[in-house]
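Participant: Before I ask anything, here is the structure I am working with.
The values are calculated or read from the model by the stated rules, or taken from the named source; none is laboratory data. Since the structure is predicted, the reported quantities are computational estimates derived from the model, not experimental observations. So basically every Cβ, Gly included, is an ideal-geometry build from the backbone, and we count neighbours across all protein chains shown.
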Amino acid sequence: MTASPRPVVDLWFDPACPWAWMTSRWVTEVSRHRDIDLRWHVMSLSVLNEGRDLPEDYRRLMDDSWAAVRVAIAAARDHGDEVLAPLYTALGTRRHPQGRTDTDAIIAESLAEVGLPAPLAEVGGTTEVDDLLRASHQRAIDLVGDDVGTPVMAVDGVGYFGPVVTPAPTGQAALDLFDGLVLMTRVPGFYELKRTRTAGPQL
C-alpha cells in the first residue's frame, strides 16, 4: 500500500494497558513534529481475554477494566471521536504515571477534566455500549489477527501490534522510530519483528 503524503495513523488503546500508554505518548510526541492524521480508537483487553484461563490477579484486572473502555466508547458516541485523545490522556495519566487503581474516581475526575458530563461514568457498569466497543475492538483485530494485545497501530491502513517501547522516545528518536515504521508498512510481506522484553514500562 502506498503511503499518503499525510499519513493516517490509527491507534487502538485500552486505558488499563501500560504498554499502550507508552506507545500513545510516543505517537503524541511524533504528532507535534510530523504532519500526520492521528486517529484514536478503543480496544479492550477484557474483550480480548474473554473465555481465557487467566491468573486470578490478571482476571481481577480484566474485570475492572471494562468500565473505562465503556466510558470512552460512550463519550465518543455522544461527543465525537475528538474527545478520545484528551479523555485517554486524563485516564492514563492517573492510571500509569500516578499509579492509581481507584477506577471509579479516575473515571469521574477524568470526565470532569475534559469537560464531559458526569453521568457518562454510569455507562461503565452497564452493557449499553458493548456492541460499539466490540465493533471498535474488532476493527483492530481484523487488521492484525487475534494473537496480539494492546496497542494496535496502523499507518495508512497497514496494522501491527505495537510498537512496544519503553521509555517513550522523544525528540529525534521518536521521529526515527516513526519513520522506520512508515517504511516497514510499505513492505507487503513483512509481518513480525520481536525480541524478549527485559524492562517494564518506564513511565
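Participant: Please determine, by comparing only the residues of segment 72-109 that are crowded, with 23+ Cβ neighbours inside 10 Å and either modelled with pLDDT under 95 or in contact with a strand residue (DSSP E or B) (Cβ under 7 Å, 6 or more places away or on another chain) (or both), which one is farthest from Leu203 (Cα to Cα).
Facilitator: Among those residues, the one meeting the criterion is Ile73.
Participant: Now, a different point. Return only the number of the condition from (1) of a type outside the set (Phe, Trp, Tyr); (2) out of contact with any helix residue (DSSP H, G or I) (no Cβ under 8 Å at 6 or more places or on another chain); (3) within 18 Å of Trp21 (Cα to Cα) that Arg100 does not satisfy.
Facilitator: Against the list (1) of a type outside the set (Phe, Trp, Tyr); (2) out of contact with any helix residue (DSSP H, G or I) (no Cβ under 8 Å at 6 or more places or on another chain); (3) within 18 Å of Trp21 (Cα to Cα), Arg100 comes up short only on (2).
Participant: Take the residues of segment 1-43 that are of a type in the set (Ser, Thr, Tyr) and modelled with pLDDT of 95 or more: which is farthest from Arg100 (Cα to Cα)?
Facilitator: By that ranking, first place goes to Ser31.
Participant: Still on this model: So Pro163 fits all but one of (1) part of a helix (DSSP H, G or I); (2) in contact with a Ser or Thr (Cβ under 7 Å, 6 or more places away or on another chain); what number is the exception?
Facilitator: All conditions are met except number (1).
Participant: Next question, about the same structure. Among what's in segment 110-162 and is farther than 27 Å from Met184 by Cβ and of a type in the set (Ser, Thr, Tyr), pick the residue that is surrounded by the most Cβ atoms within 10 Å (Cβ to Cβ).
Facilitator: Result: Ser110.
Participant: What single numbered condition from (1) closer than 18 Å to Gly124 by Cβ; (2) of a type in the set (Asp, Glu); (3) touching a strand residue (DSSP E or B) at 6+ places or on another chain (Cβ under 6 Å) fails to hold for Asp37?
Facilitator: (1)
Participant: Just a yes or no: is a residue in segment 42-54 closer than 30 Å to Gly180 by Cα and of a type outside the set (A, V, I, L, M)?
Facilitator: Checked segment 42-54: at least one residue is closer than 30 Å to Gly180 by Cα and of a type outside the set (A, V, I, L, M).
Participant: Could you please find all residues in segment 1-46 being surrounded by 17 or more Cβ atoms within 10 Å (Cβ to Cβ) and among the basic types (Lys, Arg)?
Facilitator: Across segment 1-46, the qualifying residues are Arg25, Arg34.
Participant: Enumerate the pairs (first residue in segment 182-200 and within 15 Å of Pro163 (Cβ to Cβ); second residue anywhere and of a type in the set (Asp, Glu) and part of a loop (DSSP other than H, G, I, E, B)) with beta-carbon separation below 7 Å, excluding pairs fewer than 6 apart on the same chain, so at least 6 apart or on different chains.
Facilitator: Thr185/Asp156
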